[in-house]
Amino acid sequence: MTRTEDLVEIQQLLAKYAVTITQGDIDGLISVFTPDGTYSAFGSTYTLNRFPELVDAAPKPVKEGVNREEAEKIKAAIEEQGGKVEIK
């Protein structure tokens, strides 16, 4: 394989990674890695069998399309229980 072909293959792999992680496609995400692949994040290294757990733990929107006042009420309720909230 030429250097250019290698670079194209790497770019395609990165694109597949980005799409699968954004869509929450665990099987697609795992297919980006070799069977003995690992993922390092948050100061730890994880094996592929832990990927579903990592994706489930990723931040997700709680409620979208609400006005600022309602967003602040939701934020207060979550933070009261020890959660962290970012209003966008």
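Between 0 and 90 degrees, the angle of helix 68-80 with respect to the longest Cα principal axis of the chain falls at about 80 degrees. Within the same chain, lysines fewer than 8 places from LYS84 are excluded, and of the rest, those with a Cα less than 29 Å from its Cα are LYS60, LYS63, LYS73, LYS75.
Under Stokes-Einstein, with the Kirkwood radius over Cα pairs standing in for Rh, what whole-number D in µm²/s applies to the chain at 4 °C and 1.567 mPa s? It would help to have the intermediate numbers written out before the result.
Values: Rh = 16.0 Å.
It diffuses with D of about 81 µm²/s by this estimate.
Taking Cα atoms only, the orientation of helix 3-23 departs from the longest principal axis of the chain by about 30 degrees.
Highest mean packing comes first when the peptides 21-27, 80-86 are listed by Cβ atoms within 10 Å, giving 21-27, 80-86.
None of the figures in this text is laboratory data; all of them are computed from the coordinates on show. None of these values were measured; they are calculated from a predicted model. In this analysis, Cβ positions are derived from the backbone assuming ideal geometry, glycine residues included, and neighbour counts consider all displayed protein chains.
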